[in-house]
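Shown below is the structure under consideration.
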Amino acid sequence: MIASDLLDARVLEADGQAVGWVVDLRLVLDGTTDGILARPRLHGLVVSPRTRTSFLGFERSDVRSPWPIAPLLRRWHRGTFLVHWPDVARVPEPDDADHPGPAVVVLRPGYLRYDATLHR
Amino acid sequence: MKRLLAVALGILTAIGGFLDAGDLVTNAVVGSRFGMSLAWVVGAGVIGICVFAHMSGKVAAVSGRATFEIIRERLGPRAAGLNLAASLAVTVLTLVAEVGGIALALQLASSVDHRLWVPVAALAVWLVLWRVKFEIMENVTGLLGLALVGFAVAVFLLGPDWGELAAQLAPQVPVEEDAGTYWYYAIALFGAAMTPYEVFFFSSGGVEEGWTAKDLATSRLNVLVGFPLGGLLSVSIAACAALVLMPAGIQVDAMSQLTLPVAQAGGTLLVAVIIVGIVAATFGAALETALSTGYSLSQYLGWSWGKFRRPAQAARFHLAMILALVVAVAVLATNVDPIAVTEYSVVFSAVALPLTYLPILVVANDPEYMGDQVNGRAMNAVATVYLVIIVVAAVAAIPLMIATEAGG
Amino acid sequence: MTGAAPLLPEPRQPGRVLDARLHLLDRQVLDVDSVPVGTLDDLELGPSGPGAAAGSPRADDPPLDGTTTVVVTALLSGPVLGTRVFGGRPPASRWHRVLWRHVTDVGTAVRLANRGDDLDLTWTERWVRDHVVGRLPGGRHDPDAGP
Amino acid sequence: MRPVPSRPRSATARRALTAATACAALAALTACGPAAGRAESTDALLSVTDQLDAAGSAVATARLAVEARADGHLPAVTADAAISDAVETASGAVHAIGTLVVPDSATDQVRRAALDASEIAVGPVASARTWLGTSAADAAAPPDLLDALDDASTAVERAHAAVQQAASERAAR
């Protein structure tokens, strides 16, 4: 699997209800040490209910300037949340020639939505 | 002298933006058709490029990341790729104009047909890119380009009625021109002042010179000396044209016409100085655009780049510049008018400028890159006003170009 | 907000938190001498465990989902860029991989412990050097050494 | 010497394209032939004025260069470059007016007069270049050359006025 298999994929709840798109992958460097750094573990998916584009990340940071770009983008991405990886039931199949179409991530029933803010 | 050399990067960058072959002629066209009534646009452009270049220089000095690296990081491969395509179109079109412009300028001093000068000019540009150290390159072309101060001297020697000249400064559409044409030229001048390759060159030049956070003062000095000087010279050219060519009923369409007001003001000597300045400016702009081609492509794709490395250690970067020069010579071999080529760069600038400005503004506010050197409130206020101006100008550029038939 | 329940606070994580797109993708990858070797075009993800990063992932690898712990095994560069721009997915055989264990730092750029020339992904640079630029006179001239 | 007098020529091409588009649009909208014809002829006249402007500008450029050269203010090679650019602009204007297709005979009459004026302009500009080549350094400009340039300038201005008058009459109709 590669990161872009997941990025921009549509996110569905178990009953098929669409909840947004994967805009980013949350990684945590707490795996076993591999070389110098710990190996990044896929901790969860950052899901935006409105848009696939999240190139500036204002909705996840505490940066409020420059006004009005930062507040506008933050507003545009309001409702962005984090789902933990164990709450993911199915991911898009790579090289899936039998099921062409938009890539889809399906969440487990009863999944939890966490705050996606990054703390420095 | 040392102070002067410290600002060579800013001077060379500004020359490439305000005084490249296309702009030399455009400034004279504007002066001969609109008098001084568009000088305010140059003023607005100077402030804009100062803000823009200051932020990109600061990001390069503090984070070590040049502008196109930032564009790729913030915009991702698609939007950055679009920007890359548009930026390459602008830089290569300008490079074509500059190689042709060097040849035209040499013709003014030699009576040898400019078509014969084209391969010589391209080879000379390549040799400098290949062999000359970055600092020597910027110092020599920057200092020789200062000979264009001759245009400002010419304005004084022409002894104009200063009151009348100042009265022309008010923004107004001359009776014999229509508003669409006026605004088309306003956008062309603004776009020329704020061409994206200036910040690619300026920020990468900072990296070439090894700037760190300690060099922020140098960066600021470069910005505050270089761009206002470039703006002043470009207004001087317009003033020369307004004083001599406009009353004579001359429409500027060739570089040679730039020498006429200078000859009237200061005679053969000043003409010689100006020709040296034009050769240096077009040569400097050719270096700037060729390098910007290499910088933007390398930074987007993660290639090793820079004149501080041996060419073999930045092989693809050098190959890209060689190919750009080959393209320039090939285009000029079709007998196209090198000055007319730049007319169309307005279109590509309209795409590239907002896509370059936005990521720089965003990163200049990001503490992960800038630490405590993030933009202050005043800087952000000015920068945001200019973001709006840039977007408006970009949206208006193409319809105005079509409506006025490129200012025809 | 969207009218949904308020979001749960995210517990503090025991290690450094990085968001792939925000902190890793499209950053410059620099070698041990700070020479750019590529951009980080994509990340390879694989199941955690010994030997996970040893070979390229294969088509018959079990599909990954929330029941498996997934880690970043390698940085990808090269042809992956084309598919990120235009869509699609390159075959795994065409990925240029740099194993995560070579990464020494993630900042405004990603730094590696290796020399760039030792990596597969710089083969075009070496090809241009050996066949074009290095062959031109002065191509290996040090700019600091004077003319 | 500039390779192509591209501004005037390409401007004509662009104008022709715009005219064609405008025509098509008008015809489609109103299905009214005469209206399209009128737009076409006004456009042609506009194009002729532009070319006359270019010819006048070339004459003025040559005159300024000759004066500066005679006063010893302009190096010979630079004056030569300026005047040869002017020759090219002037002959470009003749070519453009000469090949312009006009919709009716009245417009064609105006066009012919403009063509004559622009042809008159080319002569003195070209002879300015000849003078530059033959004269000893810093020789005073021969009065007949300056007179010829002035005459050319007057001829172009007169034609310009005539075309504008024709255009305004056309518009009034």
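How large is ³J(HN,Hα) for each residue in the stretch C:82-88, as worked out from phi by the Karplus curve 6.51 cos²θ - 1.76 cosθ + 1.60 (θ = phi - 60°), to whole Hz, x for Gly and Pro?
x, 6, 6, 7, 9, x, x
Another question, then. Report Rg(Cα)/(2.2 N^0.38 Å) for the stretch B:200-346, keeping two decimals.
Against the compact-globule rule of thumb, the ratio is 1.30.
Could you work out, for chain B, what percent of all Cα-Cα pairs fall into each 20 Å distance bin, beginning at 0 Å and stopping at the bin that holds the largest distance?
Here the calculated profile for chain B is 30, 60, 10.
Under a 5 Å amide H to amide H cut-off, with H placed in plane at 1.01 Å, what residues pair with C:Arg16 once short-range neighbours are removed?
Amide H neighbours of C:Arg16: A:Leu29.
Going by how many other beta carbons lie within 10 Å of each one, how would you line up B:Lys58, B:Lys214, B:Lys133, B:Lys2, fewest first?
B:Lys2, B:Lys214, B:Lys133, B:Lys58
So, one more: How big is the C-alpha Rg of the stretch B:43-138 next to the rule-of-thumb value 2.2 N^0.38 Å, as a ratio?
My calculation over the Cα atoms of the stretch B:43-138 gives 1.42.
Ignore the peptide's own chain and count Cβ atoms of other chains within 10 Å of each Cβ in C:122-134; give me the average, rounded.
The shielding value for this peptide is 5.
Which ³J(HN,Hα) values, rounded to whole Hz and listed in residue order, are derived for the stretch B:357-363 from phi using the Karplus coefficients 6.51, -1.76 and 1.60 in 6.51 cos²θ - 1.76 cosθ + 1.60 with θ = phi - 60°, glycine and proline given as x?
For the stretch B:357-363, the Karplus curve yields 5, 4, x, 5, 4, 5, 5 Hz.
At R0 = 56 Å, how high is the FRET efficiency between D:Thr154 and B:Leu5 if r is their beta carbon distance? Nearest 0.05 is fine.
0.55
Skipping prolines and chain starts, which residues have an amide H placed within reach, meaning under 5 Å, of the one on B:Glu405, given they are 5 or more residues away or on another chain?
So B:Glu405 has HN proximity to no qualifying residue.
Can I ask one more? Around A:Ala9, which amide H atoms from residues at least 5 apart in sequence, or from another chain, sit under 5 Å from its own amide H, with H modelled in the peptide plane?
A:Val22
Roughly what would the spin-label model give for B:Val327 and C:Asp142, points 7 Å off Cα along C-beta, in nm?
About 3.4 nm separates the two model spin labels.
Here is a further query. Calculate the length of the line joining the C-alpha centroid of the stretch B:231-305 to that of the stretch D:67-100, in whole Å.
Their Cα centres are 20 Å away from one another.
Normalised by the number of residues in chain B, what is the relative contact order in percent for Cα pairs under 8 Å and 6+ residues apart?
Reported as a whole number, the value is 38 percent.
Using only the Cα atoms of the stretch A:3-115, build the gyration tensor, take square roots of its eigenvalues as a ≥ b ≥ c, and label the shape rounded, prolate or oblate: rounded if a/c is under 1.5, else prolate if a/b is larger than b/c, else oblate.
oblate
Of C:Thr122, D:Thr42, how do they rank once you tally other Cβ atoms within 10 Å and put the fewest first?
Going from sparsest to densest Cβ surroundings: D:Thr42, C:Thr122.
Now for a different question. For the stretch B:316-371 and the stretch A:43-92, what is the separation of their Cα centres, given in Å?
Cα centroid of the stretch B:316-371 versus Cα centroid of the stretch A:43-92: 32 Å apart.
Given a Förster radius of 60 Å and the C-beta distance between A:Arg78 and D:Ala76 as r, what FRET efficiency does 1/(1 + (r/R0)^6) yield to the nearest 0.05?
0.25
Any idea what the alpha-carbon Rg over 2.2 N^0.38 Å comes to for the protein assembly as shown?
1.08
Okay, moving on. Exposure proxy check: B:Thr268, C:Thr73, B:Thr13 ranked by fewest other beta carbons within 10 Å?
B:Thr268, C:Thr73, B:Thr13
What is the distance in Å between the Cα centres of the stretch C:85-123 and the stretch B:81-98?
The two parts, judged by their Cα centres, are 29 Å apart.
What list of ³J(HN,Hα) couplings, whole Hz, do you get for the stretch B:56-63 from phi and the Karplus terms 6.51, -1.76, 1.60, once you set θ to phi - 60° and write x for glycine and proline?
5, x, 5, 4, 5, 5, 7, 9
Taking beta carbons within 10 Å but only from partner chains, what does the mean come to for residues B:296-306?
5
Please compute, for peptide C:105-118, the average count of beta-carbon atoms on other protein chains lying within 10 Å of each residue's beta-carbon.
3
For the stretch D:78-118, report the translational diffusion coefficient in µm²/s to the nearest whole number, using Stokes-Einstein at 37 °C, 0.692 mPa s, and a Kirkwood Rh over Cα pairs.
291 µm²/s
Cα atoms only: what Rg and Dmax, in Å, come out for the stretch D:53-172?
Computed over the Cα atoms of the stretch D:53-172, radius of gyration and Dmax are 16.0, 55 Å.
Also, quick follow-up: Please report the antiparallel percentage of DSSP beta bridges with both residues in the protein assembly as shown, rounded to the nearest 5.
Expressed as a percentage, antiparallel bridges in the protein assembly as shown total about 90.
Could you name the aspartates and glutamates in cross-link range of B:Lys58, using Cα to Cα under 18 Å and dropping any fewer than eight places away on the same chain?
Hits, sequence-local ones excluded: B:Glu69, B:Glu73, B:Glu198, B:Glu208, B:Glu209, B:Asp215, B:Asp366, B:Glu368, B:Asp372.
For the stretch A:3-115, calculate the relative contact order in percent as a whole number, restricting contacts to Cα pairs under 8 Å that are 6 or more residues apart.
Result for the stretch A:3-115 is 29 percent.
Every number here is computed from the coordinates shown, using simple stated rules; none is lab data. Model, not experiment: these values are computed from the prediction. Don't worry about glycine lacking a Cβ; one is built from the backbone with ideal geometry, like all the others, and counts go over all protein chains shown.
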